[in-house]
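Student: Below you will find the structure I want to go over with you.
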Amino acid sequence: MVCKKCEKKLTGVAAPDKWKEGSKNAVAGKGERKIGQNKLLSKSAKLRFNPYEAKCRICKNKVHQQQAHYCQHCAYKRGICAMCGKQVLDTSSYKQSSK
């Protein structure tokens, strides 16, 4: 569950644009592609999302969504936004299992 404010952050595309002039991922000027560059040691590799680092603040399980602080299970069970923790849904009258 994600609130309206955080829904705007999820508009990223899973697959990048093909490299061409004017695409979003085309870099011009100083940041041109270097030939023979090791991609594992480059700066862009460190900025990439790492699912092993993000953990749920409640149950400490892995979070599979970028920029999220709560897993989908805990967010639904408590009725909160998975990204910011804002109350989205009143679950007081819901009959939920103890899982």
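The values are calculated or read from the model by the stated rules, or taken from the named source; none is laboratory data. Keep in mind it's a predicted model, so treat the numbers as computed, not measured. Note that each Cβ is placed from the backbone with ideal geometry, even for glycine, and that neighbours are counted across all protein chains shown. Note: areas computed on protein heavy atoms with side chains; ligands, DNA, RNA excluded. Shrake-Rupley method; radii C 1.70, N 1.55, O 1.52, S 1.80 Å.
Student: In terms of modelled amide H atoms, which long-range or inter-chain residues lie less than 5 Å from the amide H of Lys55?
Tutor: Val63
Student: Past 28 Å, Cα to Cα, is the threshold; run Lys39/Lys86; Lys60/Lys95; Lys8/Lys95; Lys4/Lys62; Lys9/Lys95; Lys5/Lys39 against it and keep the listed order.
Tutor: Lys39/Lys86; Lys8/Lys95; Lys9/Lys95; Lys5/Lys39
Student: Provide the solvent-accessible area of Ser97, counting protein heavy atoms only and rolling a 1.4 Å probe, rounded to the nearest 10 Å².
Tutor: Estimated to the nearest 10 Å², Ser97 gives 80 Å².
Student: Can you compute the FRET efficiency between Leu10 and Ile35 using 1/(1 + (r/R0)^6), with r the Cβ-Cβ distance and R0 = 22 Å? Round to the nearest 0.05.
Tutor: On the way: r = 35 Å, r/R0 = 1.59.
Efficiency, rounded to the nearest 0.05: 0.05.
Student: Okay, next question. Working with all protein chains in place, sort Met83, Met1 by solvent-accessible area computed with a 1.4 Å probe, largest first.
Tutor: Output order, biggest surface exposure first: Met1, Met83.
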